[in-house]
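The values are calculated or read from the model by the stated rules, or taken from the named source; none is laboratory data. Predicted, not measured: the structure shown is a model, and the values here were computed from it. All Cβ positions, glycine included, derive from the backbone under ideal geometry; neighbour counts span all protein chains shown. We work out accessible area using only protein heavy atoms, side chains counted, and drop any ligands, DNA or RNA first. Shrake-Rupley method; radii C 1.70, N 1.55, O 1.52, S 1.80 Å.
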Amino acid sequence: MGNSIAVKVDARAALAPKQALEAFLYEPGGLGDHDIEVAITHCGICHSDIHLIDDDWGISKYPLVPGHEIIGTVAARGPKVRALGLGERVGIGWQRSSCLACEFCRRGDENFCSRQEATCVGHFGGFARSIRADSRFAFPIPKKLPSESAAPLLCGGITVFSPLIHFGVGRQTRAGVIGLGGLGHLAVQFAAKLGAEVTVFSSSRDKEASARDLGAKRFSVGAQGKPGSLDFILSTVSADLDWSPFMELLGPDGKLCFVGVAPKPIQIPVFSLIGGRKSVCGSPIGGRKDIRRMLDFAAKGGIRAQTEALPLARVNEAVEKVRRNQARYRMVLVNE
Ligand code: NAP
Ligand code: ZN
């Protein structure tokens with residue numbers, strides 16, 4: 001089997017902020033030494049794709065092809081690609097490259113590299129039939145993981161797994177997850193599998209039963225609960241909330257960790273930090289070793305995204321469901 005190269009890539013792009021996506025063909029350019037071409041079978045829709053379509057962060061370039069929870073098979077390889085074979089199933093997430101030489105890259109924290117590039121910022125992403133990417137940021141998918149439920153692991157999964165591991169969430173931890181969406185429903189599964197006792201804080205009453213099915217012990221609409229009853233809270237919400245009541249729910253040395261991008265600066269009274277030596281922190285995606293560890297942990301632990309599939313041609317319908325918080329829990333675009 002030899003390289004099979006797309007002359008033009010069939011994609012869906014926003015041509016301006018907040019617009020519906022349209023059919024968009026582009027020429028992919030040369031296949032670099034370390035590049036692969038991936039025939040995309042699945043691509044999850046992360047809320048970051050919505051932030052990019054809307055230019056919420058002021059970094060979007062149009063035409064913008066979103067999509068960074070990609071699974072597909074290797075269709076072509078550059079001359080220096082050794083680790084991945086033609087036809088192999090791989091996943092690609094938010095990060096497409098890094099310098100691979102700085103102190104952070106050398107220790108496996110490529111997500112801190114100042115020269116990192118993102119899959120769909122300044123490059124065309126995964127809402128498409130194929131993509132060219134750096135093979136060193138493409139990850140073999142364990143056999144046990146079906147593609148549709150594994151695609152959301154490439155961004156949503158690693159983004160919640162990385163801080164859970166880094167901050168030592170485990171058997172002794174009383175953990176909270178704010179927001180039961182794409183990231184949140186994976187966070188509940190990972191935290192529960194790590195042994196934590198999980199409370200979900202949601203704005204949607206109808207999510208209680210599924211929160212419990214996913215492994216949550218408690219479910220609360222809003223920041224209800226006993227003061228000091230939690231050790232670690234992960235916010236996966238893409239909206240502004242009153243964060244102060246969550247600080248009250250944390251006990252001494254408790255942490256409120258943000259992965260969801262609330263639009264406005266967060267406001268927290270200093271005394272709520274001083275009192276119990278508490279902290280507020282954030283976390284970006286995860287490095288390559290953590291992505292491999294996360295995929296392995298998900299395969300062994302039976303962690304699966306709950307998905308709703310739609311074909312690429314119905315991308316606008318899928319995007320709209322994410323905007324309206326109607327996805328249960330991740331929309332995934334599928335190429336037949
Ligand atoms: P999502 O699927 O849309 O889920 C977000 C959840 O937040 C919703 O399901 C909802 O949960 C809650 N929510 C939304 N609007 C709300 C509102 N107005 N008030 C209260 N709760 C609200 O989004 P996602 O894909 O999980 O992404 C979540 C955030 O993480 C986004 O901001 C995204 O950009 C960010 N993100 C960050 C990283 C990183 O590296 N740090 C990586 C990926 C994504 P309930 O219905 O349960 O309230
Ligand atoms: Zn994402």
*Place a +1 charge on the Cβ of each Lys and Arg in segment 52-171 and a -1 charge on the Cβ of each Asp and Glu, then give the dipole magnitude about the Cα centre in debye, rounded to the nearest 20.*
640
*For segment 185-336, what ratio Rg/Rh do Cα atoms give with a Kirkwood hydrodynamic radius?*
0.99
*Charged-residue dipole, Cβ positions (Lys, Arg, Asp, Glu), segment 158-282 about Cα centre, Debye nearest 20*: 220
*Surface per residue (accessible, 1.4 Å probe) for the chain, Å²*: 43
*Could you list which residues have their amide H under 5 Å from that of Gly286, counting only those 5 or more apart in sequence or on another chain, with H placed in the peptide plane?*
none
*Across the chain, how large is the tail of the calculated P(r) beyond 26 Å, expressed as a percent of all Cα pairs?*
46
*When the accessible area of the chain is split by element with a 1.4 Å probe, what percent falls to carbon and sulfur?*
51
*Which whole-number percent gives the relative contact order of the chain, counting Cα pairs below 8 Å spaced six or more residues apart?*
18
_Helix-derived mean residue ellipticity, 222 nm - over the chain, DSSP H n ≥ 4, -39500 (n - 2.57), to 500_ = -6500 deg cm²/dmol
_Pairs of alpha-carbon atoms within less than 8 angstrom and 6+ residues apart define the contacts here; what relative contact order does segment 1-81 have, in percent?_
40
*Quickly work out the Lys8-to-Ser147 label distance, labels modelled 7 Å from Cα along the C-beta direction, and quote it in nm with one decimal.*
2.4
*Arranged from highest to lowest average of other beta-carbon atoms within 10 Å per residue, in what order do the peptides 65-74, 100-109, 191-200 appear?*
65-74, 191-200, 100-109
*If you place +1 on the Cβ of every Lys and Arg, -1 on the Cβ of every Asp and Glu, and leave all else neutral, what size is the dipole of the chain about its Cα centre, to the nearest 20 Debye?*
900
*Degrees between helix 182-193 axis and first principal axis of the chain (Cα, 0 to 90, nearest 10)*: 60
_Checking the cross-link filter: which lysines have an alpha carbon closer than 26 Å to that of Lys18, excluding same-chain neighbours under 8 positions apart?_
Lys8, Lys61, Lys264, Lys321
*asked:* Going by Cα centres, segment 252-266 and segment 275-336 are how many Å apart?
replied: 19
*Cα→Cβ-extended label distance, 7 Å offset, between Ala262 and Ala20, nm*: 3.5
*asked:* Nearest 10 degrees is fine. How inclined is helix 288-301 to the longest principal axis of the chain, computing both from alpha carbons?
replied: 70
*Along its principal axes, what span do the Cα atoms of segment 115-248 show, with the longest given first and each in whole Å?*
50, 33, 31
*Helix 156-166 versus the longest principal axis of the chain: what is the Cα-based angle in degrees, 0 to 90, to the nearest 10?*
50
